[in-house]
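No value in this document is a laboratory result; all are computed from the given coordinates. No experiment lies behind these values; they were computed from the predicted model shown. Cβ placement follows ideal geometry from the backbone for every residue including glycine, while neighbour counts extend to all protein chains displayed.
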There are 2 protein chains.
Amino acid sequence: MRQPVALAHACRLINHGPTVLVSSEHDGQRNVMAAAWSMPVEFTPPRVAVVIDKSTFTRELVLASGRFALNIPCRAIADLAYTVGSTSGRDEDKFARYGIAPFAGAALALPLIEGCVAWLECRRIAEPHSEQAYDTFFGEVVAAEADARVFAGGRWAFDDGNADLHTLHHLGGGNFGVVDATIQSHVMKGRS
Amino acid sequence: MRQPVALAHACRLINHGPTVLVSSEHDGQRNVMAAAWSMPVEFTPPRVAVVIDKSTFTRELVLASGRFALNIPCRAIADLAYTVGSTSGRDEDKFARYGIAPFAGAALALPLIEGCVAWLECRRIAEPHSEQAYDTFFGEVVAAEADARVFAGGRWAFDDGNADLHTLHHLGGGNFGVVDATIQSHVMKGRS
């Protein structure tokens, strides 16, 4: 069900603030961690920011390889999302331990996570000051894909029929909010 | 229903990626705009990042005054959130036009938006390069409040009884996802 997402629409994948899984690889080592803190910073070219703590193994791999992927997990794999956010990959390969099936990203050959609903492969834009002072990494999205059952025509389409595929929004301590409703708002006329 | 939020818990208010309203004031001029792109970058001291485009009046006010507030809107005011994200305050005061009732923030006297469910007053941390290259502003949260009906004990508490107060997550074009369910996940044991 994976389909390419046009780069002009890539930032819509994280526009609504989902928790993401950051996956990385360098020289035969790989890792995946959860990150509640990411956001787009530009639509065209698509650029993102993500916070990667100094203590993480992911940070070593991203700095060494100059690339990372954002994988967007869903309700069906909430336990996995919490688990990879609660353990370190420094001593043990999380893919093997937790039975995570990766597939290779088309653009940067990053290990992408099966069971997620969208994937963004990013090149790190080196910003040593932001990385040091705020743990904030900037990246340019070079390829994106999404599960066509829940993201189609450049839009998320959350409904009752695909509830298992709805995105996760971390409230703390493994408690996730799930986007289970959508509303269409309208511009108010206001007082003239 | 507004109650202070401990600074140690302030970043939990935006941890799950809600759309925010950025309010600002300088020398008698004030404004409010919507921003889907914000995130915490540090818990202690509480620091945030928010994208403020170069075209916005808000950016002028933030640069001149060195402060901004993040107000978190909810389902009940989705039209207002979309409206202040679709209009410019450069030529007309949005507060007057749309009947927005502000109250003064306790710490920085910023105009905070009635009807929202949480409020963070922030001092800008001057980062001219990030602001210029990525429109990304960093700020330190100096005071936070939340509506006790939906955020209590340092946690969001979304349930069927407070559905009007659930946060908004912008999907695009005025379509908002709403967090209407929460799930408690668990750390997996994995293969030993």
Notebook entry, point to check: Using modelled amide H (1.01 Å from N, peptide plane; none on Pro or chain starts), what sits under 5 Å from the amide H of A:ALA181, excluding residues fewer than 5 places away?
Noted result: B:VAL178, B:ASP180
Checklist line | Relative contact order (%) - chain B, alpha-carbon pairs under 8 angstrom, separation at least six | finding: 26 percent
Next item on the list: Find every distance from the label point of A:GLY115 to the corresponding label point in the other copies (7 Å from Cα along Cα→Cβ) and write them in nm, one decimal, shortest first.
Entry: 4.2
Next item on the list: With runs of 4+ DSSP H residues as the only contributors, calculate the mean residue ellipticity of chain A at 222 nm using -39,500 (n - 2.57) per run, divided by the residue total and rounded to the nearest 500.
Entry: -3500 deg cm²/dmol
Next item on the list: Would you kindly state the longest site-free stretch of chain A, with sites defined as trypsin sites (Lys or Arg not before Pro) in a DSSP loop (not H, G, I, E, B) surrounded by at most 12 other Cβ atoms within 10 Å?
Entry: A:91-188
Check: Got the A:GLY173 label distances to the other copies yet, label 7 Å along Cα→Cβ, in nm, shortest first?
Finding: 4.0
Margin query: Give me the net charge for the shell around B:SER185: Cβ to Cβ below 11 angstrom, other residues only, Lys and Arg +1, Asp and Glu -1.
Written below: 0
Notebook entry, point to check: In sequence order, what are the phi-derived ³J(HN,Hα) couplings for region B:130-140 according to the Karplus relation 6.51 cos²θ - 1.76 cosθ + 1.60 with θ = phi - 60°, rounded to whole Hz, with x for glycine and proline?
Noted result: 4, 5, 6, 7, 10, 6, 9, 9, 9, x, 9
Next item on the list: Between the alpha-carbon centers of region A:1-63 and region B:127-192, tell me the distance in whole angstrom.
Entry: 18 Å
Next item on the list: Could you quickly flag the chain A residue whose beta carbon comes closest to the rotation axis taking A to B, and that distance in whole angstrom?
Entry: A:GLY17, 1
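Is chain A best put as rounded, prolate or oblate by its Cα gyration tensor, with a ≥ b ≥ c the root eigenvalues, rounded for a/c under 1.5, and otherwise prolate when a/b is larger than b/c, oblate when not?
Since a/c reaches 1.5 and a/b is larger than b/c, the shape of chain A is classed as prolate.
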Check: Other chains' Cβ within 10 Å of B:48-57 residues: what's the mean?
Finding: 2
Check: How far is A:ALA133 from itself in the other copies, in nm, if each label sits 7 Å out from Cα along the Cα-Cβ line, shortest first?
Finding: 1.2
Checklist line | Three-way shape call for region A:22-118 based on the alpha-carbon gyration tensor, with the a/c threshold at 1.5 | finding: rounded
Check: Taking region B:43-76, which chymotrypsin sites (Phe, Trp or Tyr not before Pro) meet the DSSP loop condition and have no more than 16 other C-beta atoms within 10 Å?
Finding: B:PHE43
Next item on the list: Per residue of region B:36-43, in order, report the coupling 6.51 cos²θ - 1.76 cosθ + 1.60 (Karplus, θ = phi - 60°) as ³J(HN,Hα) in whole Hz, putting x for Gly and Pro.
Entry: 7, 9, 8, 6, x, 10, 7, 7
